[in-house]
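> One structure follows; several queries about it will come next.
What follows is calculated from the coordinates using simple rules that are stated; it is not laboratory data. Only a predicted model underlies this, so the values are computations on that prediction, with no experimental measurement involved. With ideal geometry, Cβ positions are generated from the backbone for all residues, glycine too; neighbour counts draw on all protein chains shown.
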Amino acid sequence: MITLVADVGGTQSRLGLVQNGVLNESSICNFLNNNFNSFYEVVSEYLRDKKEIKIFSCVIAIAGPIVEGKASFTNLDWNISDSEIKILTKCGNVVLINDLTSLGYSLKKLAPKGIQHIIGPEIFNRKNGQYLVVGLGTGFNVCPVVEDKSEKPVCLQVELGHISLPSSVKEVLIRKIGLCNFVTVEDLFSGKGLRDLYKVISSGKIKSGEMISKEHLEKSDPYATQTLELFSEMLGLMTRELILQYLPFGGIYFAGSVSRAIFNAKLTSKFEEAFKENTHYFKELEKFQINLITDDAAGLLGCGVLSVA
């Protein structure tokens, strides 16, 4: 039986086919969302040359909340319903999940080469069956993962990006740059947040997150380096808050384009210093393993887990 799986973010959609729980890597295709008016158009384009394939079910991971089989996006003017997907693909069953939830389900499917160790113990000293996926890309969100008694993952759907920015982060940010126009967590910890932070530091200049990362690595723009250093420091503080909220002794797994840009900017020391700076209320931070998911197909792998659940 074949399942259509999709990972739909704010910028692009990635689709593939899973058969008997195994993702067919040659079936994976990426689509830029700006080239389409709806996700239904993306699905139609993907299936255009696959008319001989019978789709048994669909599992769609979406960058936004899902309520009663309907999903809206926090950073994209699209809506998706399971009933419309069912009609379009002529399949028997459709599951809509949050994109971070799909990453949570992917953790035990990821190959070692799909995970980059950042800080913390290389080997777990202690596990409590709790993990946390943290996504920074077009938006921000997390997925708490808890193992049941048979060690199967149970992934929770939340929308943490839209809560108020913690005071511990906001106060340091005000001290560093003299103001804080970042109201929610996502206002700062996202692609837009990275651009807005650069704009403040550079006194009004505008650059994309990709350009900021590129010019930092090339050492051609000191403002880019200052931006990434401060962003890394603030992310360290935010991660400390997440540790206390979720106690993920199984590890924190960062994902998304902004996460990759930050941890590949060779500024991990800034993140680690802030993360461990003030441990008076929790002295076991060194026991938490922090990693980066580097496998682009991770979301599809997580959808594949649900295709055989």
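> Counting other beta carbons within 10 Å of each Cβ, put GLU52, GLU229, GLU151 in order, fewest first.
GLU52, GLU151, GLU229
> Could you line up ASP187, ASP7, ASP148 from fewest to most neighbouring Cβ atoms inside 10 Å? Spell out each step's value before the answer.
On the way: ASP187 18, ASP7 28, ASP148 9.
Fewest-to-most ranking of ASP187, ASP7, ASP148: ASP148, ASP187, ASP7.
> Taking a threshold of 31 Å on the Cα-Cα distance, which of the pairs LYS219/LYS276; LYS176/LYS214; LYS108/LYS205; LYS113/LYS219; LYS70/LYS287; LYS113/LYS176 fall above it? Don't skip to the answer; put the middle values down first.
Numbers: LYS219/LYS276 27 Å; LYS176/LYS214 23 Å; LYS108/LYS205 42 Å; LYS113/LYS219 29 Å; LYS70/LYS287 39 Å; LYS113/LYS176 37 Å.
The pairs that break the limit, which is 31 Å between Cα atoms, are LYS108/LYS205; LYS70/LYS287; LYS113/LYS176.
> When the Karplus curve 6.51 cos²θ - 1.76 cosθ + 1.60 is applied with θ = phi - 60°, which whole-Hz ³J(HN,Hα) does each residue of segment 32-41 get, with x for Gly and Pro?
7, 4, 5, 8, 9, 8, 7, 5, 4, 5
> Just from its helices, what would the mean residue ellipticity at 222 nm be for the chain, if runs of 4 or more DSSP H residues each count -39500 (n - 2.57) and the sum is divided by every residue, rounded to the nearest 500 deg cm²/dmol?
Details: 11 runs with 110 residues, N = 309.
Counting only the DSSP helices, I get -10500 deg cm²/dmol.
> Ranked from highest to lowest mean number of other Cβ atoms within 10 Å per residue, what is the order of the peptides 258-270, 20-32, 189-201?
Numbers: 258-270: 19.0, 20-32: 13.5, 189-201: 21.8.
Listed from highest to lowest mean packing, they are 189-201, 258-270, 20-32.
> Related question: For ASN264 and LYS205, what does the FRET efficiency come to when R0 = 30 Å and r is the distance between their Cβ atoms, rounded to the nearest 0.05?
Values: r = 23 Å, r/R0 = 0.75.
Efficiency at R0 = 30 Å is approximately 0.85.
> Any idea how far apart GLU122 and HIS162 come out in nm if each label point goes 7 Å out from Cα toward Cβ?
Here the answer is 4.3 nm between the modelled labels.
> In nm, give the distance between the simple-model label positions of THR184 and LYS152, each being 7 Å from the Cα along the Cα-to-Cβ direction.
Here the modelled spin labels are 3.3 nm apart.
> Once the Cβ-Cβ distance between GLU171 and ASN35 is put in as r, and R0 is 30 Å, what FRET efficiency do you end up with, to the nearest 0.05?
Numbers: r = 42 Å, r/R0 = 1.41.
Approximately 0.10, to the nearest 0.05.
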